[in-house]
1. Counting partner chain Cβ atoms within 10 Å of every residue's Cβ in B:145-155, what's the average?
2. To test your reading of the geometry: what angle, between 0 and 90 degrees and rounded to tens, separates the Cα axis of helix B:438-455 from the longest principal axis of chain B?
3. Counting pairs of alpha carbon atoms under 8 Å apart in space and at least six apart in sequence, what relative contact order in percent does the range A:78-226 give?
4. Under the rule a/c < 1.5 gives rounded, and otherwise a/b versus b/c splits prolate from oblate, where does the range B:189-345 land using the Cα gyration tensor?
5. What number in nm² do you get for chain B if you take the convex hull of its Cα atoms and divide its surface by four?
6. Under the definition of Cα pairs under 8 Å and six or more residues apart, what whole-number percent is the relative contact order of chain A?
7. Could you calculate the FRET efficiency of A:Phe22 with B:Glu109 from 1/(1 + (r/R0)^6), where r is the beta carbon distance between them and R0 is 22 Å, rounded to 0.05?
8. By DSSP, what percent of the beta bridges with both residues in the protein assembly as shown are antiparallel, rounded to the nearest 5?
Amino acid sequence: MRALNRKTLSERPVLYMAPMIFVLVFVYFYPMVKVVVDSLRWPVDGKEVLSIKAFRLLVKDETFRMALMNNAKMLLCVPVLVILSLIVAILLYEVTKGSRFYRFLIFLPYILPIPVVGAVFSYLLQYNGSLNTFLRAVGLDMLAIDWLGNRTIAIFSIMGVFMWKQLGFGSLLFLSRLMTVSEELYDSAKIDGAAWLQRHWYVTVPQVWGIMEFLGVIQAINVLGWSFSYVYVMTQGGPGTSTFVMDYYIYKTAFEYRNMAMASAGATALLLITTIFIILQRRIVRQREIEYA
Amino acid sequence: MRKKLVFWLVLVLSIATFLAACAPSAEPEQPTPEATVAKEATEPEKEATEPKEEITLTVWWLSSASPEGEEKWWKESAAKYEEKHPQVNVETVLKSMENFFPAWSAAAEAQSGPPDIQYFWEGVWMLPDAWAGNIVPISDYWSEEEFDHLPVDLTSITYNDKVWVAPLGADALWLYYNKEIFEEAGLEPDRDPMEPMSWDEFIEACEKIEAEGYHCLAGGMKGGHLGGFFFSAFAEQNFDHPFDLFPVWIGEEDITDPKYSNWWNKVAELRDKEYFNDDINSLELWESYQRYFATGKAGMTFGSFTGMHPVVEEMGDKAGVMLQMPKFGNGDLANRTTFIKNANYGISSWSPNKEEAADFLLFLHTPERLNAFYEDTGLLPLDDRFDESLIKEDYEKMAWEQTMFEGATPWLEDWAPAMVGSEAYWAGGQNLFAGSSVEEVIQNSADVLEKWREEQPEQVDHFREWMQEGKK
């Protein structure tokens, strides 16, 4: 029997991890590589040749550009969501009575499945749906617009629903951090005469800055990765193509139009953009690790 | 040492993955003519060659209108076939719309695994798989006599002189109306279903209905299907066959030519006169049926036979139907009802049990199964071995007979390239009701056509071949 030594013991965990690494590589890595390779193939006379034609056509494709623009618009949710989450967390932190109930209410949308949220809001936001009926009843007819049927407004309606659903996650992250902030900092600020807003600007914000950076990147990745579900349920890319997002474009191009080369090119573009955000997120986490160490 | 081991492990796996990804996709098996299964002309209950070992046939099906009835029929069909063929297990799987396309695409990419039999709509929803070699022609497995029992016009499922799928169920695009509202508005409530209104009569009817305080038309643009219905109902009226529109799609004619685009003016007229419900752009089509038509708030609606089936059942005698669209064109397609092959079943090219699959599909066309299909689902089977005396409604019988023996108007959406249908016609309808002008919508159609030709040149070639073959 081979003698157990320090070298053998250090190799064993790696060997135990090998099957998992194998599965991860084929479940995550293989599709990514395949998509990139497929995006560089173009059918010519029944054969596939190496070509960047799919990318050249992608740049020209009005629908893809619309999708890219909509993803960019949806990224505007991120700073709004981060700030709103912080405000809600501060309120949850400061409230004493019923805090658990409020936390539950705030977090509830986050645990609901996206299709359920999408379906419910599809009804609420109809031109003669509950929201507009309420607005008309209180004399706010000018606000009773076609939330999902207006080409300019529809994407912002989807953004609103996205933020409503994601608010709980960010709020809880901030709340967890706030609970570790020393009360003495706030007491000192009070003694120095700082008002409520000043206390939170000069004490809370610096304390949660790391969470803000982290949450910003995570929410940006969520926008890029999860917007398909909202669009599919709520608008199906319409009216016209005004609410197409990149993953919806990829889905339509691959499975309805049967154009795998263009769909792969779109997927590669989305992969590149998401990778940038992931690298950013890793850097932030690493920075925080160094700081805390 | 550990780092080195991990490094080499990941490197080897990465290289293996990269090589696997760069490998060409699995080539679909080229269909080879198999020995046809000889059948009696009237009763295809022949003894098929029994497989030597136990096999499983997997059928992926999509519900057309009544999931419970269809599920019952499929389960029964599987059980009865298994009784006759003990070596064959039939597994029927209901697919949802959400994973219908991705699941089939993944199976076609892998060229292995289920299904043996796949559901298809006709035309462009099936032909790309024929072009790609993902399905084998049913005409390679069924005798010629079998096709004598199917509808007289099989052009929408024929390519390269082969019939690629077996049609089972039908669908239609009709104009439904509320008889009580019609009567109140001074219109004839019991119209001859085959008699179309002229366009002017249609507008006059709308004015009368609106004057009584109802919406003339119920509609929902979300999802785009109503835009597709407008395209199918109106764009074809200047033509004798869908192939007459192909030149504009493949770039041989200009879409701004009025004969290809003047139908948008008819849709715009309906919009401008505010005949539809005001929330048309935020409702799904089926929602508009439920909210406005079924509840007696709208006088008419454009609907599919399968989509309106539950609504018509709910409304009972109050529902009337016009089998032809309001007429303004002079083409042959303006003179017939739209009744199409909706539920078709094809055999995957990688199925190891093609003969058995073809035999099972033939079994579904036995009189007993065809009659049961109608009884269980209310949907009309497309085979003259079906006992038409079972058909409950006179208008359904009229449409069925015309389809089977004379040829019905094809559903034009099933002939247009998928991208063009989605981004020109469906989106065009939505854009029109969201405020675009007719000129903008036509220009968008032209842009989408140009994009399609650039992005899918192989499909353009196939369309050209399909047209040339069909016009022979």
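Only the coordinates and a few stated rules stand behind these numbers; no lab work does. Since the model is a prediction, treat every value here as computed from it, not as a measurement. We place every Cβ from the backbone using ideal geometry, glycine too, and count neighbours over all the protein chains shown.
1. Counting Cβ atoms of other protein chains within 10 Å of each residue's Cβ and averaging gives 0.
2. Once rounded, the angle reads 10 degrees.
3. It comes to 31 percent, rounded to a whole number.
4. Details: a/c = 1.60, a/b = 1.47, b/c = 1.09.
Taking the square roots of the gyration eigenvalues as a ≥ b ≥ c, the range B:189-345 is prolate.
5. 26.2 nm²
6. 27 percent
7. Approximately 0.50, to the nearest 0.05.
8. Given both bridge residues lie in the protein assembly as shown, the antiparallel proportion sits at roughly 60 percent.
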